[in-house]
Amino acid sequence: MEIITKIKKLKAQKKAVILAHNYQLPAIQDLADYLGDSLELSRISRNLSSGLIVFCGVKFMAETAKILSPQKKVLLPEPSAGCPLAEMITCDDLIKLKKEHPDAIVVSYVNTTADVKAESDICCTSANAIKVVNSLEEDEIIFVPDSNLANYVMRHTDKKIIPWNGWCYVHNKFSPEGLTRAKAMHLNAKVLVHPECIPKVVDLADEVFSTTGMINYVKESPDKTFIIATEIGVIERLRLEFPEKIFFQAPPGGTCLQMKKTTLKLVLDSLENEQFKVKVPETIRIMAKKALDRMLNVA
Ligand code: 13P
Ligand code: SF4
């Protein structure tokens, strides 16, 4: 309790704002001023008047906030909290891929490093990937780094998608067998799947959504039981927000260890010492911002 009081006091003193992704630990979600998926958090960070943001998420998310708002101090409480998917493509890999497909335009998932964004034409998130791809004039699209999201987009576009072979270790664990068993046990349950899941899992979904898309869907839905194929943080939040409804993670066990690195103690240290500041070299930032701004103008 004491630690929460200290955080709140420091936050008020420094006029700081805490942003948290939907996969953060429940204690961090409770504390946050704003909670959201990658798209929401990038919009919120851009529009905030506060000059000090404590970003409880993984590095690419905090980096995105810094790219969009260089005048703000953006802190990542645990500097080693990275997204392994974002590390699956390097800037050199992308440059090589562009040379192999000179007519293609590059769409990069926000789960990428700043230098990969800088080499991209436009970014997307899981919430807007289809809209972003279909907004483009070009017919050939390099889509990096998540092959599962690329596959999902392919179902909703006539454009030629050239995917990169990246994946999220958390979402890759959800299997069609596990999901089929869960569906057999809960016959009336609605199945909500994140598009980072493999295509055979997406095949079994009633709906495919970003993390906030799932939460909004549950809010509006008359259904009472849901099987959810995404990280446990979303399910924990749903259970708190909708105690009258029932949620199963299928199969259980999808936890993003990087997202869980951020603790209350680290948030306190971050505010106290203004650590760890997110830095992006200015030339890269300017190029990456173009790709992010272009996305935010589409959806
Ligand atoms: P959302 O943008 O849907 O929250 O997804 C982010 C992410 O990292 C999914 O694993
Ligand atoms: Fe990255 Fe997967 Fe964790 Fe999302 S859940 S931050 S994609 S490792």
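One residue stands out among those in segment 33-44 that are crowded, with 18+ Cβ neighbours inside 10 Å and not hydroxyl-bearing (S, T, Y): the one that is farthest from ligand 1 (Cβ to nearest atom), which is L35.
Based on what the data block shows, is L52 touching a helix residue (DSSP H, G or I) at 6+ places or on another chain (Cβ under 9 Å) and within 30 Å of Y217 (Cα to Cα)? The answer is no for L52.
Scanning segment 51-84 for residues that are within 16 Å of ligand 1 (Cβ to nearest atom), in contact with a Lys or Arg (Cβ under 6 Å, 6 or more places away or on another chain) and small (G, A, S) yields A81, G82. Taking the condition open to solvent by less than 20 Å² (accessible area, probe 1.4 Å) and closer than 23 Å to L266 by Cβ, does L52 pass? Considered against the rule, which asks whether it is open to solvent by less than 20 Å² (accessible area, probe 1.4 Å) and closer than 23 Å to L266 by Cβ, L52 comes out as yes. For T212, the test of being over 12 Å from F174 (Cα atoms) and in contact with a Gly (Cβ under 6 Å, 6 or more places away or on another chain) is passed. From the list L25, L19, which one is within 16 Å of ligand 1 (Cβ to nearest atom) and open to solvent by 10 Å² or more (accessible area, probe 1.4 Å)? Checking each option against the conditions leaves just L25.
So which residues in segment 245-259 are open to solvent by 40 Å² or more (accessible area, probe 1.4 Å) and within 16 Å of ligand 1 (Cβ to nearest atom)? If the condition is that a residue be open to solvent by 40 Å² or more (accessible area, probe 1.4 Å) and within 16 Å of ligand 1 (Cβ to nearest atom), then G253, T255, L257 are the ones that fit. Among the residues of segment 281-298, count how many are open to solvent by 20 Å² or more (accessible area, probe 1.4 Å) and either within 20 Å of the chain's Cα centre (by Cα) or basic (K, R) (or both). Within segment 281-298, residues that are open to solvent by 20 Å² or more (accessible area, probe 1.4 Å) and either within 20 Å of the chain's Cα centre (by Cα) or basic (K, R) (or both) number 7.
The values are calculated or read from the model by the stated rules, or taken from the named source; none is laboratory data. From a predicted model like this one, the values you see are computed outputs, not experimental measurements. Neighbour counts are summed over all protein chains in view; Cβ atoms, including those assigned to glycine, are modelled from backbone coordinates with ideal geometry. In case anyone asks, the SASA skips ligands and DNA or RNA and just uses the protein heavy atoms, side chains included. Shrake-Rupley method; radii C 1.70, N 1.55, O 1.52, S 1.80 Å.
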